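The values are calculated or read from the model by the stated rules, or taken from the named source; none is laboratory data. No experiment lies behind these values; they were computed from the predicted model shown. We place every Cβ from the backbone using ideal geometry, glycine too, and count neighbours over all the protein chains shown. Quick note on the areas: whole protein, heavy atoms, side chains included, nothing else; ligands and nucleic acids left out. Shrake-Rupley method; radii C 1.70, N 1.55, O 1.52, S 1.80 Å.
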Amino acid sequence: MIDSTKNPSRLLKTMAGFARWSLGLLLTFWLLLTIAWGALHGWIVPRIGDFRPQLQAHAARVLGVPVQIGAIAAHTEGLIPSLELRDVVLLDTAGRAAMHLPRVVVALSPRSLINGGFEQLYIERPELDVRRATDGSIFVAGLKLVPDRGDDSAAADWLFSQGEVFIKEGRVRWSDEQRGAPPLALEQVSLVLRNGHWDHQMRLDATPPLAWGDRFTVVGMFRAPLLRVRDGNWKHWNGQVFADFARVDVSRLRHHADVGIEVTQGRGALRAWADVQRGQVVGGAVDLALADVNTTLRPELQALVLPSLQGRLGGRRLNGGFEFFTQSLQLQTDDGLIWPGGNLRLVHTEAENRRPAQGELRADRLDLAALAQIAQRLPLAASIHQALQTYAPQGLVNEIQASWKGPLQDLQQYQVRARIEGLALAAEKAGVAPTHLGLRGATVDVDMTQAAGKAVLAITSGALVLPGVFEDPVVPMDRLSAEVRWQREGDRMAVQAQDVRFANAD
């Protein structure tokens, strides 16, 4: 039989003691919370105006600049009150008003009181001067929000530790000393900022000057490193930014944002996504619907003029290289050539140690005439520009897949598969005798590597260009078909042509 009078075990005693201790701690917590609630509502709220000097001093310590509060009142809604501040002024180092906030409402909660902040900070009709210094530091009304040399910013840490910040109907004047851009005044500015321990979400809506464009939206979603809780330095953040411009003058946008090229003219709509790592843009994409684009990629190059440009452009940085792509890109050149709306993906990495440079190209619906005209205005090698002028390629590349290893001027390995319709190379020009072999009206399927290859050629109502072979170098062809195979062995190349058929008027 079990002796019921036996003393309880040590484990049972420990559990009973822990339960009594937990119950006592819980009762103490609720007792302290009740005392704090009573003191808050019975003593602090009715006398909130008497604490204005203490609040001003606390705000000055947190922000690092003198703060003046014109009036303060408390409103009780539920268990925790909210505070309303009127005519809040932040002073600069010279004692002048750097920022005026007509109305500020601070909402509190038990969580915000424990964290020493606010649940929501509502600011109405503020007027802000935002400036980026030459070293990249950003100042809002004299407060440094982006530190330099990796230092911390007390104002930024405080701002990005608040639960929610809401700015309504503000006016912002943006000055960028780093880019030397003219000041930009934004009206009807609305900003929503929501912060977690590591997550930061923000949305900005603003109306620029009429000549600049229509109202635009910028949305950001970021995450701070795991070991940097409530980190206010966004140079450590990772995330994504989205911007939507329903109507914008790109030539003005370039003064305030790096669009990667020098655009002197261009208007329309664009939406952009940017991937951010440690505060740096490492990739992104942009949807364009622009008209009258005029851009120059290098001073010595001719301007690239596009009456119409629409589609998607994108890219990202790779380790030692880059990736660039287009989707449904359509454009019209100033000469009337039209790019029909193809897709392209180009990946390139530089040589590193024993690994050679390598690349990959996939594309479809490439108009060779438009591509050649655009390429003349791109910063390419002089040999490429000369070849484009010599052969003046025309035709439509339905599909091409290519990969290579080694520098372009001395490829070690390569593989190319392509189909081209309406191909013309070194075709005759009015008043100019051809000097290079060429053709026109051809359809070509090619599959080749550095060692061997095969091409299937078909010409209907076209021509071969054979300078020095016949008195008339242009030989018209009603029909021509052939399959050509070749194989390279060292410095020798073996070429075999089969199923060769042709017919013309002769």
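Numerical summary
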{"quantity": "G268 touching a Ser or Thr at 6+ places or on another chain (Cβ under 8 Å) and in a strand (DSSP E or B)", "calculated": "no"}
{"quantity": "Boolean, D335 is over 18 Å from G314 (Cα atoms), touching a residue at least 24 places away in the same chain (Cβ under 8 Å) and acidic (D, E)", "calculated": "yes"}
{"quantity": "So Q409, is it in a helix (DSSP H, G or I), of a type outside the set (D, E, K, R), within 25 Å of N294 (Cα to Cα) and open to solvent by 70 Å² or more (accessible area, probe 1.4 Å)", "calculated": "no"}
{"quantity": "E360 farther than 18 Å from L331 by Cβ, among the acidic types (D, E), modelled with pLDDT of 90 or more and within 30 Å of the chain's Cα centre (by Cα)", "calculated": "yes"}
{"quantity": "Test: residue in the range 358-370 that is touching a residue at least 40 places away in the same chain (Cβ under 8 Å), crowded, with 18+ Cβ neighbours inside 10 Å and touching a Pro at 6+ places or on another chain (Cβ under 6 Å)", "calculated": "yes"}
{"quantity": "Qualifying residue in the range 115-125 (condition: modelled with pLDDT of 80 or more and surrounded by fewer than 17 Cβ atoms within 10 Å (Cβ to Cβ))", "calculated": "yes"}
{"quantity": "Output for the range 343-357, where each listed residue is farther than 19 Å from L288 by Cβ and open to solvent by 60 Å² or more (accessible area, probe 1.4 Å)", "calculated": "E350, A351, E352, N353, R354, R355"}
{"quantity": "Cβ pairs under 7 Å, 6+ apart, first in the range 397-415 and within 23 Å of W339 (Cβ to Cβ), second not in a strand (DSSP E or B)", "calculated": "V397/L368"}
{"quantity": "Candidates L457, L437, filtered to the one that is open to solvent by 30 Å² or more (accessible area, probe 1.4 Å) and either modelled with pLDDT of 90 or more or charged (D, E, K, R) (or both)", "calculated": "L457"}
{"quantity": "Residue match in the range 496-503 (condition: open to solvent by less than 40 Å² (accessible area, probe 1.4 Å), part of a loop (DSSP other than H, G, I, E, B) and farther than 27 Å from L344 by Cα)", "calculated": "no"}
{"quantity": "Of all residues in the range 202-260 being farther than 22 Å from K168 by Cβ and among the acidic types (D, E), the one that is modelled with the highest pLDDT", "calculated": "D249"}
{"quantity": "Selected residue [in contact with a helix residue (DSSP H, G or I) (Cβ under 7 Å, 6 or more places away or on another chain) and either open to solvent by less than 60 Å² (accessible area, probe 1.4 Å) or within 28 Å of G438 (Cβ to Cβ) (or both)] from Q389, Q376, Q401", "calculated": "Q376"}
{"quantity": "Top-ranked residue in the range 422-434 [being open to solvent by 40 Å² or more (accessible area, probe 1.4 Å) and at pLDDT below 90; ranked as nearest to V484 (Cα to Cα)]", "calculated": "L425"}
{"quantity": "Test: residue in the range 473-480 that is surrounded by 14 or more Cβ atoms within 10 Å (Cβ to Cβ), at pLDDT 85 or above and closer than 30 Å to P356 by Cα", "calculated": "no"}
{"quantity": "Residue in the range 317-342 that is surrounded by the fewest Cβ atoms within 10 Å (Cβ to Cβ), counting only those that are of a type in the set (S, T, N, Q) and part of a strand (DSSP E or B)", "calculated": "S328"}
